[in-house]
Amino acid sequence: MLRHQVAVDEALRSQPECHARAHGALGSMETQASVDLHFRELVDCESKPGMHRMYYWVKTEEAHEQEFLDVKEVVEKFGVPEHVLLGHIQSELDEEEAVKSLPTALILVILYALMNLAHDTQGIVRSVEEAFTYDIMSNGNFAFSGNMGFKGNVDVNSYADFWSWMNKGMSNLYFLDNRWVSESSTLDLGKYTEDEKQYYLNFNKKVAPLKLMQESVAHKDCANTDMSVKFQLQCNKEKQLDLTLDPTAFDIAQIMFSEVRNKTVFLRDTDFKSKLMSLETDKWLDPRTYRVMVSMLTYNGNMDLLMMTNVHFMFGRSGHIWKDITNRTFKLNQYDSWEVYLWDILFYMHITFILYVELKEVAGELRRRKGGFVEFLKKYMGFWNAVDWITILVAYVMLIVWLFRYGKVSMLGDDMVALPGKLSACSSAPNVELCQDDLYFTFYSDAEEAGRWIKDSNLLGAFYPVIIMLRLFKAFQAQPRLALVAMTLYNSAGDLAHFCIVFLAAFFSFVFTGIALFGQEVSDFAQFDRGVMTLFRMLMGDFDYDAMQGNDRIVAAAFVSLFQIAMFLIMLNMLVAIVMDNYAVTKANLMHGETLWEEIFQISLRGWENWKGVRVSFHKVKKDLFKTRGRDCDKHVTVITKEAFMQAVPGLTDSQAGNTMESAVTEWGEMHKYEVSMSELMSSASVAAACARATRTAMKQNRLVGSKTPMGQSPRGQSPLASPGKAAIILSVDQPNAAVITKALADNEGLSLEDIFKAAELRLEMERYELKDPAQAAALGRILQSLQLLSKDVVLGSVPAEACPQPVLVSTGPPASMAARTGVQV
């Protein structure tokens, strides 16, 4: 078996420090990307002539280091380094895995959507909750003048207002007596029947009496002891629910209500008036009262919904009473059709399949990695594998939460069915009302706990689509056309990180300025978190300018104008520019890749050929290479020939081996080609001009070998620049084209190489036409001289070396000789 050592190893033996650094780095590499990077660094250590700039394992003649090489010729004559071949095979496997995982990810999205739609009760729940909330806010009135009440629950601002609302507002809604008639009507429709009194808003059966409860706070020492002693003040401990500013409905519903059991009262049709009067007389509300909740439990048979409606009154230590209405709604029969069972089962079967695939991958990695669990984690636990495991774990956490939720709601349904019998059993108890109150208390508490489980389950379900989205990005990332968005963000990460430092510094400066200017007058600026959200909304164009200018119009106008100019017109547009610039570059780099449909076709074709046995699968190729060439061959710089490749993989045909190696070389070339900048081009042009002057002098003195044709002349049908033995530089060109080119060069430093090559074509067509303007001729001449170097039309070996100064390169690219640097493949 023929084994070739790469040319770079031979070259680097003359530079031990470079050799040690490069190969030392290679020994610690774990990923193909880092291996490729350090191979590139290894090559750049040596700029010695005779080594090809792109295919570093290929030896060339001097001055031909950047010469175009046919891929097939490289494979046949020089072979391919093992790390290049294995890197290509691994990338093909990754792309194949990504394409195959795309249906899995899409099926996950579809099944999750169908499962949620099957359980969807949001519409009917919203319908009932909105009916209750609207009725309480609009019809629960007090402060009557005649038949019209002018205040509602939102107008409760004192203890007296609360009792007025309970007696006149809530009681008239919940406890029905005389039938209501139209305004100014003298009709007497009589009283509601006992059966009709058991319904709220006609269709909602009352399950339990109206519940009135409160949460109290204990006394504590005041912050200013001297003042509290002087004025005999009492202060209260703070509760978990912050009432400094208006709390959100979510906080009100989810933060535990620490009910004072001996102050809980159940109000029935027969005694609600007397109990309310007694509570007001006994000062049921006092300075220690922190929260009051009025609750009712109803069941809507048409929609199978059990609902607990809570009207909240929260007594802040500032003296303000905050008001809100929340609801806990439960669909008792959670599996009312076979579709609900079906989508739940299919979704978790799919999750279990994903778990099986991940466990299989883990087992394979553990068998391959003999270095222990730590080495396995380094190799396996990447970002995308973490996404897979999060997808699985969160799905099973959702299942556990759902089972608890299902159990709580089912228990509520069972308790509701058993409640009438338990209430009847209380008739034999010594204290019938106390026995019944205990049953109602337990039922309300169970409903409150079930409501919290439902809220937590909904939050977890709302978070899961974000995880699914990340899994979709994983499926996209190995397919160039689908990876465009993710790769754009990845490539923008560095610029965005630096931009965010500047942006956040300016943004938070505006936040603190807004808090200082408007915090006391506008609630949206009263706290830091509110200020941040308000300015973010302002950045999106959504803010309350009228509230801000209520303090000071000039200050508000100045603040808003400065913020919009600095953050929106400048900063936000810079953010868009950063992303779009990287999008354009990423798109240009990725668009050479195959389309999704092409990859699907190729993968299907390979699968068919694998099944027929006419080709060897990449998995077997990789396995056999590791077996015959060593487990670390993906980090080897050793060259493998086509014959050795076929020998290492039994059953591999000559055609498949050649195609695989050619694809590997092509992929390596695409990944490691250099681009030349305008600064490099002009620097090389200056050197080329010096060489050209030396060339003319040498030609006049007959010092150039092979330069037998007079200056500016050439054999018939052949350009004077096409013959490798001639180094003549013709400075003649069509004047209008020269004017355009030189002006473009002066105005735009980013003149593309494509534009310059087009200009060169025009120049060659009009080569005998002389420019009258010497400056234009000189400028265009320098460009053309650079082009001649780039296209290998000038042989530097024919020019006296002492006449050609070394160029001063301003590029940040790797060091190289002038011929290699100016002859970069682009």
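The values are calculated or read from the model by the stated rules, or taken from the named source; none is laboratory data. The shown structure was predicted, so the numbers you read here are calculated from the model rather than taken from an experiment. All Cβ positions, glycine included, derive from the backbone under ideal geometry; neighbour counts span all protein chains shown. Accessible surface areas use protein heavy atoms only, side chains included; no ligands, DNA or RNA. Shrake-Rupley method; radii C 1.70, N 1.55, O 1.52, S 1.80 Å.
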Item to complete: Could you tell me the distance between the Cα centroids of region 179-258 and region 365-424, to the nearest Å?
Response: 37 Å
Discussion item. Run the Debye formula on the Cα coordinates of region 556-676, all scatterers equal and no solvent, and tell me log10 I(q)/I(0) at q = 0.12, 0.15 1/Å.
Written reply: -0.67, -0.88
Worksheet item: Going by average Cβ neighbours within 10 Å, how do the peptides 544-554, 189-199 rank, with the highest at the top?
Response: 544-554, 189-199
Worksheet item: Fully extended, how many nm does the chain gain between M580 and R288 (0.36 nm per residue separation, minus their Cα-Cα distance)?
Response: 99.3 nm
Worksheet item: Mind checking the log10 I(q)/I(0) for region 82-206 at q = 0.12, 0.19 Å⁻¹? Debye, one equal scatterer per Cα, no solvent, two decimals.
Response: -0.68, -1.13
Practice prompt. Using the charge dipole of region 532-653 (Lys, Arg: +1 at Cβ; Asp, Glu: -1 at Cβ; taken about the Cα centre), state which of W608, M580, M548 has its Cα farthest towards the positive end.
Written response: W608
Worksheet, complete the sentence: Ranking L187, M166, L117 by how far each Cα lies towards the positive end of the charge dipole of region 108-203 (+1 on Lys and Arg Cβ, -1 on Asp and Glu Cβ), the top one is M166
Worksheet item: Amide H neighbours of I640 under 5 Å, counting only residues 5+ apart in sequence or on other chains, H built in-plane at 1.01 Å?
Response: V80, E82
Discussion item. Modelling each spin label as a point 7 Å along the Cα-to-Cβ direction, I'd like the L434/Q232 distance in nm, to one decimal.
Written reply: 3.8 nm
Worksheet item: Taking the Cα-to-Cβ direction at N589 and at N139 and moving 7 Å from each Cα, how far apart do the two end points lie in nm?
Response: 6.6 nm
Practice prompt. Sort D415, D654, D269 from largest to smallest accessible area, using a 1.4 Å probe on the heavy atoms of the protein chains.
Written response: D654, D269, D415
Fill in: Given charges at beta-carbon only (K, R positive; D, E negative), |dipole| of region 56-165 in Debye
1040 debye
Worksheet item: In this model, which of K168/K191; K205/K455; K237/K275 are farther than 20 Å apart at the alpha-carbon?
Response: K205/K455; K237/K275
Worksheet item: What are the residues whose amide H is under 5 Å from the amide H of C235, where those residues sit 5 or more places off or on another chain and H is modelled from the backbone?
Response: K220, C222
Worksheet entry | region 310-382 shape via C-alpha gyration tensor axes, a/c threshold 1.5 | oblate
Item to complete: Enter the Cα centre distance for the pair region 101-130 and region 521-581, rounded to the nearest angstrom.
Response: 36 Å
